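S.K.: I'd like to ask you about the structure that follows.
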There are 2 protein chains.
Amino acid sequence: MNDVYVIGVGMTQFGKHPDRDATDLGVEATLAAIRDAGIQPRQLEAAYCGHVFQGMAMGQRVLAQIGLAGIPLTNVENVCSSGAVAVREASLAIRAGEHDVVLALGTEHLTSRFRGALTPDPDDVEAAVGLTMPAVYALRARRYFEDYGVTREQLALVPVKNKRNAALNPFAHFKEPVTAEQVLESRPIAEPLNMLDCSPVTDGAAAAILAGEAAVRRLGAVGAIRLAASALRTGTVDAEPGPMTFEPITHATAQDAYERAGIGPEDVSLAEVHDCFSIAEALRVEGLGLFPRGEYLQSVERGEAEIGGRLPVNPSGGLLGKGHPLGATGVAQVVELVRQLRGEAGERQVEGAKVGLAHCRGGKAAGVEGAACTVQVLVR
Amino acid sequence: MNDVYVIGVGMTQFGKHPDRDATDLGVEATLAAIRDAGIQPRQLEAAYCGHVFQGMAMGQRVLAQIGLAGIPLTNVENVCSSGAVAVREASLAIRAGEHDVVLALGTEHLTSRFRGALTPDPDDVEAAVGLTMPAVYALRARRYFEDYGVTREQLALVPVKNKRNAALNPFAHFKEPVTAEQVLESRPIAEPLNMLDCSPVTDGAAAAILAGEAAVRRLGAVGAIRLAASALRTGTVDAEPGPMTFEPITHATAQDAYERAGIGPEDVSLAEVHDCFSIAEALRVEGLGLFPRGEYLQSVERGEAEIGGRLPVNPSGGLLGKGHPLGATGVAQVVELVRQLRGEAGERQVEGAKVGLAHCRGGKAAGVEGAACTVQVLVR
């Protein structure tokens, strides 16, 4: 098998960018990744672009601005896992022997395109009767509290941790730490979740350049990080949703990734997981097998998920702190893991990081419980 | 290299389907392809779904209806080449050794989503000042007439041929042949192009099931057709658009495909090409090297591109006759080629067909001349 490596990463400042668009952001992230890889733009042989709301030919518009049009590019969409599948498809093109050096880009100008989490899609019957995303996670939070005897106050420690990490990340949307009191007193969205339990509406782009073994040698790529697994699953149908406090799709996708990478959850040094809501982080890390079921919030309370803890979770700030420009999110997770595994994460550095895991879970679709889940494993 | 085969194909009736949606159409096409392949739904290991306007998680909605959610699925978008890239990405997943049996689906409920070719995208400056798709092809037609001394009357023979072929295709949007007089007297759209020179707004879905060599043997797939090449290129930037009557992107993509397949244009038995407008068929077959530059309309006049002619072009009816449900088009071309290469095309059968070529060219994007071009070669 042709091993695949990440040889360069880059991202824009995440945040509100009223004067920019997804093309412009995509160009900036791509050029940053090209510089980081130490290659010339013309050495890119193909590209994948993940986004959700940016319309036709998104990636082509980015390549045109760089003067790189001509190479194969495919736009991919898998809801909140769109950026992660851009990485996955890029890795498959390399493993197929089709290309050696491939760009995986994610870009989203969400502030100009998103109608808001509370406005359901016309064909989403559940959302139309009130089961919007915040409501889904609010129900899961309540059930989690009941099942495991934990409290609203303990849940507030997740946004506190992630926004504290974000304050150490120059590319993050949020620059200031928050206290548990601020989380608990922020505006209610769907009880028990408040504003600071929800990931924000963010613009941004992130890019990673992947290369096969031969290209890594040929380019003399320093600090290439191996993509040991890139697993994808579609959710189960609604008729078999599984328990509310555990995610079968996250669990199954993780098993695929661990098997491919030849590791187990005990080998993971740090994880970037899809904390679209505070409670989601608990569901994810437990589904991934990184923490025992029902015990994550106590682990957070004990500092185990901090940078410097037993298993740092979302050292980048995660979606809650770094922001969540949908298509960019999955690639930005890879950007963080690569920086951590290279030892270039500055104040956020996880000492001795050797194995990084990234997890995305795309939203819901009519008839599907969890439209798309990805787990990627990167190894130094 | 792991050779890739098409082991099953299916499609819906193309046309106006006011009472259906893209999910429903996608389910019908997928089930038809599964039946045609003689496999069980559960034998599909992964899927790609091409569409343009159907919103988030399109393919996931189809899988959920079939009860097949769980397997990896990626939605892909490359404008009018979206279905073709679903086929390409499916083939890469097989060549990578990631999956053995993969669905490539294209589906589009265009009548409910398309705002019309004359309504430009907000960020398409050229279209906003009048250079919409029909206008672009009208300019090309005029220039082609001037450069090569052919006439409007000769151009009318392209829709006549394609709609005659469509009348032999039970899945085609148009059921009736038209005369050259009817083409010339149809409503003007962008001079010299009239209504019957333009592909219609069509709903439909098409599906192909791809398999690697080992799976073909394991499944005992009868009549598997080899996908000998699946090439993709992004258009050049506007600053280097090339001559109006020749398509560098089509030419270059074809060279990629011929090289990969180990054939030349002289080996092609029949071609399905992207005749979004009558003049486009001439530009495509000449760019592909299937007919000499500037001579295609005379070739059509001599019957060379007819079923039974030297090199049948669009025996399915093409976009002009079969219809053009954007995401479905590239897969429907593969459906036609597989049926032809198996000798199952009924009244449309091209005798002795051995090598089929499919060509798509996706529309324009801001800054890009031709957003995405694909050329696929299938060999019996």
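S.K.: Choose one of B:VAL136, B:VAL79, B:VAL9: the residue whose Cα lies farthest towards the positive end of the charge dipole of chain B (beta-carbon charges +1 Lys, Arg; -1 Asp, Glu; about the Cα centre).
M.R.: With unit charges placed on the Cβ atoms, the residue in question is B:VAL9.
S.K.: Let me ask you something else. Among rounded, prolate and oblate, which fits segment B:304-345 when a ≥ b ≥ c are the square roots of the eigenvalues of its C-alpha gyration tensor, a/c under 1.5 means rounded, and a/b larger than b/c means prolate?
M.R.: Values: a/c = 2.78, a/b = 1.38, b/c = 2.01.
Judged from the Cα gyration tensor, segment B:304-345 comes out oblate (a/c at least 1.5, b/c at or above a/b).
S.K.: Output the antiparallel fraction of DSSP beta bridges having both residues in segment A:240-380, as a percent to the nearest 5.
M.R.: Values: 9 of 13 bridges.
Among the beta bridges of segment A:240-380, antiparallel pairing accounts for roughly 70 percent.
S.K.: Taking the DSSP beta bridges in the protein assembly as shown as the whole, what percent of them are antiparallel, to the nearest 5? Write down the numbers at each step before the final one.
M.R.: Details: 83 of 113 bridges.
Roughly 75 percent of the beta bridges in the protein assembly as shown run antiparallel, per DSSP.
S.K.: Between copies, how far does the label point of B:GLU259 sit from its twins, in nm, shortest first, when each point is 7 Å from Cα along Cα→Cβ?
M.R.: Those label-point separations list as 3.8 nm.
S.K.: Build a GNM of chain B with springs between Cα atoms under 10 Å: which of B:GLY83, B:GLY317, B:GLY38 gets the top mean-square fluctuation?
M.R.: Ranking B:GLY83, B:GLY317, B:GLY38 by mean-square fluctuation puts B:GLY38 first.
S.K.: Using alpha carbons only, how many angstrom separate the centre of segment B:263-316 from the centre of segment A:132-186?
M.R.: 62 Å
S.K.: So, in Å, what gap is there between the alpha-carbon centers of segment A:67-93 and segment B:72-110?
M.R.: First find each Cα centre; the distance between them is then 12 Å.
S.K.: Something else: Which single residue of chain B puts its beta carbon nearest to the axis of rotation relating B to A, and what distance, in whole Å, does that give?
M.R.: Residue nearest the B-to-A axis, with distance in whole Å: B:ALA96, 2.
S.K.: Cut-off 10 angstrom, C-alpha nodes, Gaussian network model of chain A. Which of A:GLY303, A:GLY106, A:GLY330 fluctuates the most?
M.R.: Of the options given, A:GLY303 has the highest mean-square fluctuation.
S.K.: So how strong a dipole does the protein assembly as shown carry about its Cα centre when Lys and Arg Cβ are +1 and Asp and Glu Cβ are -1, to the nearest 20 debye? Before the final figure, lay out the partial values.
M.R.: Numbers: 70 positive and 92 negative charges, 134 e Å.
Dipole size: approximately 640 debye.
S.K.: Using Cα pairs closer than 8 Å and at least 6 residues apart in sequence, work out the relative contact order for chain B, in percent. Please report the intermediate quantities before stating the final value.
M.R.: Values: 949 pairs, mean separation 98.9, N = 380.
Computed over chain B, the figure is 26 percent.
S.K.: Okay, moving on. Starting from the amide H of B:GLY50, placed 1.01 Å from N in the peptide plane, find each other amide H under 5 Å away whose residue is 5 or more places distant or on another chain.
M.R.: Distant-sequence amide H within range of B:GLY50: B:VAL76, B:LEU105, B:GLY106, B:THR107.
S.K.: For B:LEU139 and B:VAL222, what does the FRET efficiency come to when R0 = 56 Å and r is the distance between their Cβ atoms, rounded to the nearest 0.05?
M.R.: Numbers: r = 48 Å, r/R0 = 0.86.
Result of the calculation: an efficiency of 0.70.
S.K.: Percent relative contact order of segment A:1-138, based on C-alpha pairs within less than 8 angstrom and at least six residues apart? Could you put the intermediate results ahead of the total?
M.R.: Numbers: 208 pairs, mean separation 36.7, N = 138.
Over segment A:1-138, the number comes to 27 percent.
S.K.: Give me, ordered by chain and number, the residues 5 or more places off B:GLU272 or on other chains with an amide H under 5 Å from its own placed amide H.
M.R.: Amide H neighbours of B:GLU272, under 5 Å, 5+ apart: B:ASN314, B:LEU357, B:ALA358, B:HIS359.
S.K.: Taking square-rooted eigenvalues a ≥ b ≥ c of the alpha carbon gyration tensor, is segment B:1-92 rounded, prolate or oblate, where a/c under 1.5 means rounded and, failing that, a/b exceeding b/c means prolate? Working shown, then result.
M.R.: On the way: a/c = 1.44, a/b = 1.21, b/c = 1.19.
In terms of gyration-tensor shape, rounded.
S.K.: Another one. Given the Cα-Cα distance of A:LEU31 and A:GLU351 and 0.36 nm per residue of separation, how much length would full extension add, in nm?
M.R.: Once the chain is fully extended between A:LEU31 and A:GLU351, it gains 112.3 nm.
S.K.: A further question on this structure: Would you mind listing the distances between the A:GLU176 label point and the same position in each other copy? Use 7 Å along Cα-to-C-beta, nm, one decimal, shortest first.
M.R.: Its label point is 7.1 nm from the equivalent points in the other copies.
S.K.: Going 7 Å from the Cα of B:ASP267 toward and past its Cβ, which residues in segment B:302-323 have a backbone nitrogen under 19 Å from where you end up?
M.R.: B:311-312
S.K.: Follow-up. Beyond 39 Å, what share of the Cα-Cα pairs of the protein assembly as shown remains, rounded to the nearest whole percent? Don't skip to the end; give the middle numbers.
M.R.: Details: 94743 of 288420 pairs.
For the protein assembly as shown, the fraction of Cα-Cα distances above 39 Å is 33 percent.
S.K.: Add +1 for every Lys or Arg and -1 for every Asp or Glu among the other residues with Cβ under 12 Å from the Cβ of B:ARG302, and state the total.
M.R.: -2
S.K.: What is the set of long-range amide H partners of B:ILE189 at a cut-off below 5 Å, with H atoms built 1.01 Å from backbone N?
M.R.: Amide H neighbours of B:ILE189, under 5 Å, 5+ apart: B:ASN194, B:MET195.
S.K.: Can you put A:GLU247, A:GLU45, A:GLU77 in order of Cβ neighbours within 10 angstrom, beginning with the fewest? The partial results should precede the final answer.
M.R.: Values: A:GLU247 26, A:GLU45 17, A:GLU77 31.
The order, fewest Cβ neighbours first, is A:GLU45, A:GLU247, A:GLU77.
S.K.: When only Cα pairs under 8 Å and 6 or more residues apart are kept, what is the percent relative contact order across segment A:166-267? If you can, show how the numbers build up before the last one.
M.R.: Details: 51 pairs, mean separation 14.4, N = 102.
So the answer I get is 14 percent.
S.K.: Continuing with the same structure: Determine the percent antiparallel among the DSSP beta bridges restricted to chain A, to the nearest 5. Don't skip to the end; give the middle numbers.
M.R.: Values: 40 of 55 bridges.
Counting only bridges with both partners in chain A, antiparallel ones make up about 75 percent.
S.K.: A:ARG42 label points, 7 Å along Cα→Cβ, one per copy: pairwise distances from this copy to the rest in nm, shortest first?
M.R.: Label-point distances to the other copies, shortest first: 5.4 nm.
S.K.: May I pose another question? Which residue, B:SER316, B:SER91, B:SER112, has the most motion in a Gaussian network model of chain B that connects Cα atoms within less than 10 Å?
M.R.: Looking only at B:SER316, B:SER91, B:SER112, the biggest GNM fluctuation is shown by B:SER112.
S.K.: Would you calculate a helix-derived [θ] at 222 nm for the protein assembly as shown, using -39,500 (n - 2.57) for each DSSP H run of n ≥ 4 and dividing by the full residue count, to the nearest 500? Could the numbers behind the result be given before it?
M.R.: Values: 29 runs with 280 residues, N = 760.
Rounded to the nearest 500, it is -10500 deg cm²/dmol.
S.K.: Measure nothing fancy, just the Cα-based angle from helix B:278-287's long axis to the longest principal axis of chain B, in degrees from 0 to 90, nearest 10.
M.R.: Tilt relative to chain B: about 70 degrees.
S.K.: What list of ³J(HN,Hα) couplings, whole Hz, do you get for segment B:301-310 from phi and the Karplus terms 6.51, -1.76, 1.60, once you set θ to phi - 60° and write x for glycine and proline?
M.R.: Per residue, the Karplus-derived 3J(HN,Hα) values read 4, 7, x, 5, 9, 6, 4, x, x, 4 Hz.
S.K.: Sort segment B:152-288 into rounded, prolate or oblate with this rule: let a ≥ b ≥ c be the square roots of the eigenvalues of the Cα gyration tensor; rounded if a/c is under 1.5, and if a/c is not under 1.5, prolate when a/b is larger than b/c, oblate otherwise. Walk me through the numbers before you get to the answer.
M.R.: On the way: a/c = 2.39, a/b = 1.38, b/c = 1.73.
Judged from the Cα gyration tensor, segment B:152-288 comes out oblate (a/c at least 1.5, b/c at or above a/b).
S.K.: In peptide B:370-376, what is the residue-averaged number of other protein chain Cβ atoms found within 10 Å of each Cβ? Don't jump to the answer; show the numbers that get you there.
M.R.: Numbers: counts 2, 11, 8, 1, 1, 0, 0.
If you average over the peptide's residues, the count of other-chain Cβ atoms is 3.
Readers should treat all values here as calculations from the given coordinates under stated rules, not as data from a laboratory. As the structure is a prediction and not an experimental result, all values here were calculated from the model. Note that we place each Cβ from the backbone using ideal geometry, even for glycine, and neighbour counts take in every protein chain shown.
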